[in-house]
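What follows is calculated from the coordinates using simple rules that are stated; it is not laboratory data. All of these numbers come straight from a predicted model, not from anything done at the bench. Reconstructed Cβ throughout: ideal geometry from the backbone, glycine too, with neighbour counts over all protein chains shown.
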Amino acid sequence: MPHFSIEYSANLEARVDMAALCDHLRLAAIETGLFPMAGIRVRAFKAEHVSIADGNPEHAFLDLSIRLREGREQQAKEAATQHIFEALKALLAPAMAKHSIALSIEMRDIDASLSPKTGSIRDHLKKDA
């Protein structure tokens with residue numbers, strides 16, 4: 001059940017297709033082989049009010065937080081983090097070449113005993129997926 005939460009400055013919407021970015025991250029997560037497809041959740045939240053670096057309103061940021069159930073090997077998590085970060089950098093490269101954008105990512109474990117889950121997504125997935 002990896003949760004991908006993107007927080008970004010509002011001015012990034014004029015520079016990046018956020019829906020496409022969410023789908024791009026979903027696909028990159030699947031490519032890692034570390035996350036079960038049925039558990040992947042990607043969401044994006046716009047920060048309307050920000051103050052970045054020297055206060056120039058042209059600056060933008062995107063921060064990706066990945067939360068996942070504990071128990072995966074550190075090396076596998078590091079490889080997945082790097083793969084997802086590279087996919088994100090590649091998608092944002094055209095915007096970053098033209099605009100001042102800070103990009104960050106963090107992956108962290110969730111204590112399973114403190115995070116109960118249930119759902120029916122797996123019951124509704126296409127059989128060939």
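Which residue, A14, I52, P116, has the largest displacement toward the positive end of the dipole of the chain when charges sit on each Cβ (Lys, Arg +1; Asp, Glu -1)?
Most positive-ward Cα: P116.
Loop only per DSSP, at most 11 neighbouring Cβ atoms within 10 Å: give me the GluC sites (Glu not before Pro) in the stretch 41-129, ordered by residue number.
E48, E58, E70, E73
For the chain, give the magnitude of the charge dipole about the Cα centre (Cβ charges: +1 Lys/Arg, -1 Asp/Glu; no others), in debye to the nearest 20. Don't skip to the end; give the middle numbers.
Numbers: 16 positive and 18 negative charges, 93 e Å.
Using Cβ point charges on Lys, Arg, Asp and Glu, the chain gives about 440 debye.
What does the stretch 79-129 give for Rg and for Dmax, in Å, if only its C-alpha atoms count?
According to the Cα coordinates of the stretch 79-129, Rg and Dmax are 17.2, 45 Å.
[x] 1.03; [y] 1.32; [z] 1.14: which one is Cα Rg over 2.2 N^0.38 Å as calculated from this entry?
Matching entry in [x] 1.03; [y] 1.32; [z] 1.14: [z].
Between A47 and residues 5 or more places away or on another chain, which pairs have amide H atoms under 5 Å apart, with H built 1.01 Å from N, and which residues are they?
Amide H neighbours of A47: Y8, S9, A10.
Quick one: of the DSSP bridges fully inside the stretch 1-121, what percent are antiparallel, nearest 5? Numbers along the way, then the final one.
Details: 6 of 23 bridges.
Antiparallel bridges make up about 25 percent of those DSSP assigns within the stretch 1-121.
Step by step: find N for the stretch 1-50, compute 2.2 N^0.38 Å, then divide the Cα radius of gyration by it. What's the final number? Show your work: numbers first, answer last.
On the way: Rg = 12.1 Å, N = 50, 2.2 N^0.38 = 9.7 Å.
In units of the 2.2 N^0.38 Å rule of thumb, it is 1.24.
What are the lysines whose alpha-carbon lies under 22 Å from the alpha-carbon of K98, with same-chain residues fewer than 8 places away excluded?
Those lysines meeting the cut-off are K46, K89.
Which distance in nm do the two modelled labels at E13 and S104 give, with both placed 7 Å along the Cα-to-Cβ direction?
2.3
Can you give the helix-only mean residue ellipticity at 222 nm for the chain, where every DSSP H stretch with n ≥ 4 adds -39500 (n - 2.57) and the sum goes over all residues, rounded to the nearest 500 deg cm²/dmol? Please list the in-between numbers first.
Values: 3 runs with 44 residues, N = 129.
Using -39500 (n - 2.57) per qualifying helix, the result is -11000 deg cm²/dmol.
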